[in-house]
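Asker: Structure provided below as structure tokens; questions to follow.
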Amino acid sequence: MSQVELINISKSYDKQKDVLNEINVSIKEGEFFVLVGPSGSGKSTLLRMIAGLEEISGGILKINNEAVNHLPPKNRDLSMVFQNYALYPHLTVEQNILFGLKARKVDKKEQQKRLTEAAEMLGLSELLKRKPRELSGGQRQRVALGRSVVSHAPLCLMDEPLSNLDAKLRANMRVQIRRLQKSLGLTMIYVTHDQVEAMTMGDRIMVLNEGKIQQVGKPITLYNEPENLFVASFIGSPKMNLGKAVFTEDSSQLVIENQIHITIDPIMVKDLPRNRNLVVGIRPEHLMPGFEKENHITYLEAVNVEQLGNETSIAFDIGSELWTAKWPGQWRIQYGQRVPVQIAPEHILFFDGDTGNLLKSANIGKRQEVVAI
Ligand SMILES: Nc1ncnc2c1ncn2[C@@H]1O[C@H](COP(=O)(O)OP(=O)(O)OP(=O)(O)O)[C@@H](O)[C@H]1O
Ligand SMILES: [Mg+2]
């Protein structure tokens, strides 16, 4: 088991610009912790610093309550899967996977046992005698995963380990990695730029942008209560619909992008500032199909329609933004058709237009619970 603490961690490569800035976070023992952010946000840099492969410019890194800033990588009792696999080209798949165990002189029988388990889980059993150049990108990636899986180190760092796999294999590996992590009780720090991977795998997620923490929390908290506009538009797919908004004088209506008028109960929004620029956010599943005579119906012109089989995705031009509605089932809608859409006030999130910070989250209502029998 391992616990990792980052205290005021910063990094600059050229002493001018910080690639990472005041990173403060505690990762618990046995936690699946996901680091997510766009390309260049500093994810790999942070992971490499935890592994001991990159010098820490400022702050303290603790593993199991001990400062390890200057501890060499091999003494940190961790395994790492690199973004670019880093396999030994002259060794076979089997030798690559067992490399670390051989170096640590682990019992031969134990080596073979772990190799068989890992190869089966990763679908590599038929490929053990091949060299990396004889493998596809996805197969190489799985060998790199195998090396980490057999190590049984209590702290596991993974840098985009599934990026080269096809969609089906990726979905399967997501489940396998989660299971393995839980059954071995590993502490996992997992980097991805894929927000679906982050949402589905993480016990907690940390969103990073330009080297700064945007939010740390449970996936569902980030989805329901994003602390700022960056998290709001980064988490969730299709992304949250955003638009500039103002209240009418008497606060009875909200006007979005000068185009959508929504009648609201002033009591519901009484705590929102009247004299500031506002941005509202509405999730695609909350731009719901409208039926005549219902409240809060707006007619919007469909500019694109995607039939996904289980759901229909409809796009609208709202101000300078492209909004998306996600409707369950199959809907026959033509391009250019005016579609009745219902926007319930309780589904609207409010952000400060200047700072981007969340002012009010949506009242999603109580989540449904399944009671185990
Ligand atoms: N060795 C280096 N020297 C100078 N700058 C670097 C070095 N390595 C990374 N950087 C810069 O640091 C920033 C963060 O890079 P990093 O590799 O950590 O991003 P990332 O979030 O992992 O991105 P990606 O999703 O593309 O892998 C980038 O602006 C990158 O150009
Ligand atoms: Mg990276």
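Read the figures in this text as sums done on the coordinates, not as results from a lab. Keep in mind that what you see is a predicted model, and the values were worked out from it rather than measured. Note: ideal-geometry Cβ built from the backbone for every residue, glycine included; neighbour counts use all protein chains shown.
Asker: Can you give the extra length, in nm with one decimal, that the chain gains between N304 and D14 once fully stretched, where that is 0.36 nm per residue apart less the Cα-Cα distance?
Answerer: Gain in length upon complete extension: 99.8 nm.
Asker: Longest segment of the chain with no chymotrypsin sites (Phe, Trp or Tyr not before Pro) in a DSSP loop having at most 16 other Cβ atoms within 10 Å?
Answerer: Values: sites that count: Y13, F291, W331, Y335.
My reading of the result: 14-290 is the longest stretch.
Asker: To continue, here is another question. Where is the GNM fluctuation largest for the chain (alpha-carbon springs, 10 angstrom cutoff): V150, V269, V34?
Answerer: Looking only at V150, V269, V34, the biggest GNM fluctuation is shown by V269.
Asker: How would you classify the range 249-373 from its alpha-carbon gyration tensor, with a ≥ b ≥ c the square roots of the eigenvalues: rounded for a/c under 1.5, else prolate if a/b is greater than b/c, otherwise oblate?
Answerer: oblate
Asker: Also: By a straight-distance test (C-alpha under 13 Å), which aspartates and glutamates pair with K113 as possible cross-link partners, with residues fewer than eight away in the same chain excluded?
Answerer: E94
Asker: Here's a follow-up. Report relative contact order for the chain in percent, whole number only (criteria: Cα-Cα under 8 Å, sequence separation at least 6).
Answerer: Reported relative contact order: 15 percent.
Asker: If one computes the Cα centroid of the range 71-121 and of the range 211-251, what distance in Å separates the two points?
Answerer: If we compute the Cα centre of each part, the gap is 41 Å.
Asker: Continuing with the same structure: With the chain treated as a Gaussian network of Cα nodes joined by springs under 10 Å, which of D77, D250, D317 yields the largest mean-square fluctuation?
Answerer: D250
Asker: Compute the acute angle (0 to 90°) between the alpha-carbon long axis of helix 167-184 and the principal axis of greatest extent of the alpha-carbon atoms of the chain; round to the nearest 10°.
Answerer: 60 degrees
Asker: If I build a Gaussian network model for the chain, linking alpha-carbon pairs within less than 10 angstrom, which residue out of P273, P219, P289 has the largest mean-square fluctuation?
Answerer: Largest GNM mean-square fluctuation: P273.
Asker: Also: If R0 is 56 Å, what FRET efficiency do you get for E321 and R104 from their C-beta distance, rounded to 0.05?
Answerer: 0.55
Asker: Would you kindly state the longest site-free stretch of the chain, with sites defined as GluC sites (Glu not before Pro) in a DSSP loop (not H, G, I, E, B) surrounded by at most 12 other Cβ atoms within 10 Å?
Answerer: Working: sites that count: E55, E249, E292, E294, E369.
Answer from the scan: 56-248.
Asker: Still on this structure, I have one more. Using only the Cα atoms of the range 1-86, build the gyration tensor, take square roots of its eigenvalues as a ≥ b ≥ c, and label the shape rounded, prolate or oblate: rounded if a/c is under 1.5, else prolate if a/b is larger than b/c, else oblate.
Answerer: Judged from the Cα gyration tensor, the range 1-86 comes out rounded (a/c under 1.5).
Asker: Can I ask one more? Under the rule a/c < 1.5 gives rounded, and otherwise a/b versus b/c splits prolate from oblate, where does the chain land using the Cα gyration tensor?
Answerer: Judged from the Cα gyration tensor, the chain comes out prolate (a/c at least 1.5, a/b above b/c).
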